[in-house]
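Everything below concerns the one structure shown next.
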Amino acid sequence: MLKNFIKIGLRNLIRNKGISLINISGLAVGIACSLLIFAYVVDETNYDDFYENQESLYRVQLHRTFPGRESWFATTPIPMGATLTSDMPEVADATRLFEIFNELQVSPNGEDQFFETKILAADSNFFKVFSFPFADGSKNDALLTPNTLVLSESTAIKYFGRSNVVGETLELQGNQSWNVGGVIKDLPKRSHFEFDILLSFNSFPQVANNNFWGSYSCYNYVKLKEGVNPSAIETKIPQVIEQYMGPQVESIVGTAYEDYVAAGNNHNYFLMPLRDIHLKSNLQREIKPNGNINYIYFFSLIAVMILVIACFNFMNLSTAASVKRAKEVGMRKVLGSEKRWLVAQFLTESIVVTCISTLLATGLFFYQLPFFNDLAGKNIAISDFSIDAVAFLLLSLILVVGVFAGSYPAFFISSFGTLKILKGGLKLQNKKWSLRNILVVSQFGVSVFLVVATLLIIRQTNHMMNQSLGFEKDQILVIERANATSNLEQFMSSLKSSSAVKEVSATVHVPGRQIGGGTFEAIGIPATERYLFDAMTVDYNFAEAYGLKLIKGRFYDDNLPSDTASVVINQATVDMVGWDDPIGKEILPTSGTRLKIIGVVEDFHYASLHEQISPLVFFGIPRRNLMDNPPSLLSVRIEAGNNMNQAVDFIEGKWSEWNPGNNPEYSFLDAEFDSLYEQEQNFASIFSSLASLAIFIAIVGVLGLSAFISAQRIKEVGIRKVLGASISQLLLLLSVDFVQLVLIANLLVAPLLYFALSEWLSNYPYSVGVPLDLLVFTALGSMVIVIMAVSYHAYRAAITNPSKTLKCE
């Protein structure tokens, strides 16, 4: 019986090539799109899933509240992990990660030099908590002694040409000798942290043994004993904080810890499951940018919506085509066929179509995966998925989509009355709220939603990338490793000898990159009022090089030795403390001495527009200190109007003079800022593709449906032509129903769009708002597209000679 159903289904597909092609192509595109999004979702939701006992691993995180404000940190105090292990029996073990260097100079043989950026330091028990497989060495002693390190396998091969290198020596930073204690297999790409070199934390005793609880500088991970609920740890942490941090706070602020807390200062620590970090943790000082769980929900919803659009197409076109098969159904009923067998026949045909579509979709998936990876900024490979899981997914898709898409046509066709069919009275009804029209409205509602969302995402991304930042980010070239220069001050002077170079500034931090911070006491205000600030360490030329605007006071001056005990702040700092005139006021950082405020700069976006401008304090580097402790970054402002390539060639030439044999590494600041919005750009690219696919599927469906409707109304068109109707009137007659449906779709989806997009924009402190012009533009555009799609068949029907359509009457 099944074989007969399949044979009849295939014959019917071949007989109706046009409708079959539309159904198969629409479903194939919808399924391929869903498979790509499924691959994205699987990739995002399987971070950190490769560790043993992963369900018992957590990272300690901090919600820090101040009087009237709050911050969230991925980093926590250095003594946190060890204290939890010793004081709480529920904690089986704890380990720490620390970012020691932004960049590390590595020489494996005293000659070759590599500059690495993926460097972390870890406790000696790191590999007991995190189960990484070793290519060489032992997890027990890989980081046990000072000045030992662990390499990833690819890094070991890069340095030595092999992976069995335990006991080999590396020279770091030009003068430190380190031993290779182990080599691990390369980290899986789905990890919330990454490193090529892992240093032993006990090589830095001043850091590792720091017992100050007021500094959030390392990543603490804990392993709980089996069956322990993390909330049991979280409820005990406040007691630990009061016991260990309380005395330190009292010595700093000069008041009781209870008063400090009563003033609104709290350190609320909580445990984040390791597997949740990538999608659910987006705090300050994350090791690397994380994903977003909302994107997963959104993309999953869109995948379902696009697949549903494709199924709606199938339903619409199948029910429209059912008129042609009415006599077949009638004859089957006359010959004794039961309704259940008719339903089975048409469901089988639907599953056959879905099976063919799925095979085509799988081919499209393989073909489009590299393109999708570029769009999403991913590196998804076919090998990431097991064959069994893929086979199960495809079979499930075939059955679910086949039954869902074919159920209504099957029951619709099998319900035809035998007598009515054989008398030739069966016609496709066009009721205002028929299921067919509801499906068309749903299709275009989804398409309009995707188009408006895409346009808004693009507009918001462009707004963030092009908005004035409050300083001049163009024409600035940032040179890395400036401290490798033999004489930084003279190198800077040689650069300024060219008319192409406007200004040069040596800094520890530059806008657009992660910076440090701390808390301070404002002298004259109760010490329990602690103020959180970000910090940038810059030389005295920074304000001029970056075009900062001074509101009050002045920037640093090399001619005034007293400026070494001074700071410059931004307007946000003034607003936070509530000063009327901050010039001459003093602040006392938690770890430091009193510093006098000498200037206030206008607020500028030193971080991405994902973050609101925060209080910022500049710490100055006088010229005489450039030799003693030179900063690593050099910002070179190139004079506007100069040939950029020639200016870069000049800078490279000067670098070679002062750093022979060392290639310069540099980047342009505006490009770095653009990269801060890579996630939005990827999001917009994916959305654009999804919107295009949704429109394509909807338009293909409208083309097919309009062809049937035009064919069914051909005699009506002929009679109207005989009675004097013009071609334009006939075009309007055949198009108006579709235009009405698209207009209804726009009206129904507009409130949902406004609410959903307003909610999305609320994540951005500087947003464009939901522009109503996008709603109007998309509504008009969708109606124009539908009119163009319908007009082809409508025009063919309108120009047909009435004598051909009416001769049988």
One finds the C-alpha centres of the range 32-89 and the range 526-567 to be spaced, in Å, by 35 Å
Across the alpha-carbon set of the range 99-159, Rg over Rh with Rh taken as the Kirkwood radius works out to 0.96
Approximate spin-label separation S300-L732, in nm, with each point projected 7 Å along Cα-to-Cβ | 4.9 nm
For E168, which sequence-distant residues (separation of 5 or more, or a different chain) have an amide H within less than 5 Å of its own amide H, given hydrogens modelled in the peptide plane?
-> V180
The answer for the chain, accessible area per residue at 1.4 Å probe in Å², is 45 Å²
Any chance you could give the angle, 0 to 90 degrees and rounded to 10, that helix 387-414 forms with the longest Cα principal axis of the chain?
-> 30 degrees
Please state the charge dipole magnitude for the chain, taken about the Cα centre, from unit charges on C-beta atoms (+1 on K and R, -1 on D and E), reported in debye and rounded to the nearest 20.
-> 6780 debye
Hey, can you grab everything whose amide H is under 5 Å from the amide H of G599? Only 5+ residues off in sequence or another chain; H modelled, so Pro and N-termini drop out.
-> R554, I569
Sparse-neighbourhood loop sites, GluC sites (Glu not before Pro) in the range 103-157 - DSSP loop, at most 10 other Cβ within 10 angstrom = E111
Whenever you get a sec, line up R623, R637, R513 from highest to lowest accessible area (probe 1.4 Å, protein heavy atoms).
-> R623, R513, R637
Hey, rough spin-label estimate for M465 and L393, points 7 angstrom out along Cα→Cβ, what's it come to in nanometres?
-> 3.0 nm
For the range 743-750, Karplus-derived ³J(HN,Hα) couplings (6.51, -1.76, 1.60; θ = phi - 60°; whole Hz; x for glycine and proline) come out as 5, 4, 4, 5, 5, 6, 7, 4
Antiparallel DSSP bridges in the chain: what percent, to the nearest 5?
-> 75 percent
Provide D539, D276 ordered by accessible surface of protein heavy atoms (probe 1.4 Å), highest first.
-> D276, D539
Roughly how many Å² of D374 are accessible to a 1.4 Å probe, to the nearest 10?
-> 120 Å²
Whole-Hz Karplus ³J(HN,Hα) for the range 648-655, in order, using 6.51 cos²θ - 1.76 cosθ + 1.60 and θ = phi - 60°, x for Gly and Pro?
-> 5, 4, 5, 5, 4, x, 5, 4
Quickly estimate the mean residue ellipticity at 222 nm for the chain, helices only: each DSSP H run with n ≥ 4 gives -39500 (n - 2.57), and the total goes over all residues, rounded to 500.
-> -16500 deg cm²/dmol
Shape of the range 455-578 from its Cα gyration tensor (a ≥ b ≥ c, root eigenvalues): rounded if a/c is under 1.5, otherwise prolate when a/b > b/c, or oblate?
-> oblate
Which ³J(HN,Hα) values, rounded to whole Hz and listed in residue order, are derived for the range 247-256 from phi using the Karplus coefficients 6.51, -1.76 and 1.60 in 6.51 cos²θ - 1.76 cosθ + 1.60 with θ = phi - 60°, glycine and proline given as x?
-> x, 5, 5, 4, 6, 7, 8, x, 8, 5
In nm, what is the difference between 0.36 nm times the number of residues separating E652 and N629 and their Cα-Cα distance?
-> 6.0 nm
Which percent of the accessible area of the chain is formed by carbon and sulfur heavy atoms (probe 1.4 angstrom)?
-> 56 percent
What list of whole percents do you get for P(r) of the range 42-163, with Cα-Cα distances grouped in 5 Å bins up to the one holding the largest distance?
-> 2, 8, 13, 17, 20, 15, 11, 7, 4, 2, 1, 0
Which one of Y295, Q514, V567 is farthest out on the positive end of the charge dipole of the chain, using unit charges on Cβ (Lys, Arg +1; Asp, Glu -1) and the Cα centre as origin?
-> Y295
Plugging the Cβ-Cβ distance of E194 and K280 into 1/(1 + (r/R0)^6) at R0 = 22 Å yields, to the nearest 0.05, a FRET efficiency of 0.70
So which of K502/K654; K158/K223; K185/K288; K549/K654; K139/K288 end up more than 23 Å apart by C-alpha?
-> K158/K223; K549/K654; K139/K288
Near the amide H of V617, under 5 Å away, which other amide H atoms are found, from residues 5 or more places off or on another chain, if H is placed in the peptide plane?
-> D534, A535, M536
Largest first, what is the accessible-area ranking of E503, E672, E665 with a 1.4 Å probe?
-> E665, E672, E503
Contour minus Cα-Cα span, E234 to Q113, at 0.36 nm per residue, comes to 39.0 nm
Sequence neighbours fewer than 8 away in the same chain don't count; with that in mind, list the aspartates and glutamates whose C-alpha is under 19 Å from K189.
-> D43, E44, D48, D49, E52, E116, E153, D276, E286, D374, D384, E678
If the viscosity is 0.692 mPa s and the temperature 37 °C, what translational diffusion coefficient in µm²/s does Stokes-Einstein give for the range 139-183 when Rh comes from Kirkwood over Cα pairs?
-> 311 µm²/s
Can you tell me the FRET efficiency between D558 and E716 if r is taken as the Cβ-Cβ distance and R0 is 60 Å, rounded to the nearest 0.05?
-> 0.10
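The values are calculated or read from the model by the stated rules, or taken from the named source; none is laboratory data. Keep in mind that this is a model prediction, so the values were computed, not measured. When we count neighbours, we look across all protein chains shown, and the Cβ atoms used for this are built from the backbone with ideal geometry, even at glycine. Accessible surface areas use protein heavy atoms only, side chains included; no ligands, DNA or RNA. Shrake-Rupley method; radii C 1.70, N 1.55, O 1.52, S 1.80 Å.
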